[in-house]
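Trainee: Here it is, the structure, as structure tokens.
The values are calculated or read from the model by the stated rules, or taken from the named source; none is laboratory data. Just so it is clear, the model here is predicted, and its values are computed rather than measured. Positions of Cβ are backbone-derived with ideal geometry, glycine not excepted, and every protein chain shown enters the neighbour counts.
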Amino acid sequence: MGPRHPLVARTIRAKTDDGAYVGRVRIVDHPPTTGQLYLLAHGEKNAALGEDVRTMWREQAERVHLPDEDFWIFDSHLVAVCLFDEDDDLTGAELITEPARVNQYNRLRDVALHHAIPYKEFAARMTAKEA
């Protein structure tokens, strides 16, 4: 469920209005998959809620040794590593609270944020390539 869901959108807006950081980095294949294009199309909506939406190409993610897994970090203390089946459907999450492992994911987040670019800049570059 993404921020386009009204309850999630209200929660994100409330958190960012209170000064909390909410962000994500999307890794995109070249060319983007249909699903990635769908998520990219919602980047502007996410950003309008105050979320720091960034994007990077998969090749760049591989160069900086980011893992090929989807994860969420909550308050830098809890990690949810998303679990998918063979059809790429989300089936659950592994929750991680052990401090050393959580710190590894916090470092991965920092690397991803450093190398990814803001949604609007990424979208503009994609549009320029298509022209």
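Trainee: When region 82-109 is examined, which residues are found to be in contact with an Asp or Glu (Cβ under 8 Å, 6 or more places away or on another chain) and either more than 30 Å from LYS120 (Cβ to Cβ) or modelled with pLDDT of 95 or more (or both)?
Mentor: LEU83, THR91 - these are the residues of region 82-109 that are in contact with an Asp or Glu (Cβ under 8 Å, 6 or more places away or on another chain) and either more than 30 Å from LYS120 (Cβ to Cβ) or modelled with pLDDT of 95 or more (or both).
Trainee: All but one of (1) assigned to a helix (DSSP H, G or I); (2) under 23 Å from MET126 (Cα atoms) hold for LEU66, so report the exception by its number.
Mentor: Exception for LEU66: condition (1).
Trainee: Pairs needed: first member in region 89-105, under 12 Å from TRP72 (Cβ atoms); second member anywhere, of a type in the set (Gly, Ala, Ser); C-beta distance under 7 Å; at least 6 residues apart or different chains.
Mentor: From region 89-105, the pairs are ALA93/ALA80; LEU95/ALA80.
Trainee: Another one. Check whether at least one residue in region 21-30 is surrounded by 15 or more Cβ atoms within 10 Å (Cβ to Cβ), touching a Phe, Trp or Tyr at 6+ places or on another chain (Cβ under 8 Å) and among the small types (Gly, Ala, Ser), and report yes or no.
Mentor: No.
Trainee: Quick check on my filter: what residues within region 46-63 are in contact (Cβ under 8 Å) with a residue 60 or more places away in the chain and either among the hydrophobic types (A, V, I, L, M, F, W, C) or not in a helix (DSSP H, G or I) (or both)?
Mentor: ALA47, ASP52, VAL53, ARG54, THR55, MET56
Trainee: Please go through region 37-63 and give me each residue that is touching a Lys or Arg at 6+ places or on another chain (Cβ under 9 Å) and either aromatic (Phe, Trp, Tyr) or closer than 16 Å to ALA124 by Cα (or both), ordered by number.
Mentor: LEU39, LEU40, HIS42, GLY43, GLU44, LYS45, ALA47, VAL53, ARG54, THR55, MET56, listed by residue number.
Trainee: Ok, one more. Of all residues in region 29-60 being among the β-branched types (Val, Ile, Thr) and within 18 Å of TRP72 (Cβ to Cβ), which is modelled with the highest pLDDT?
Mentor: THR55
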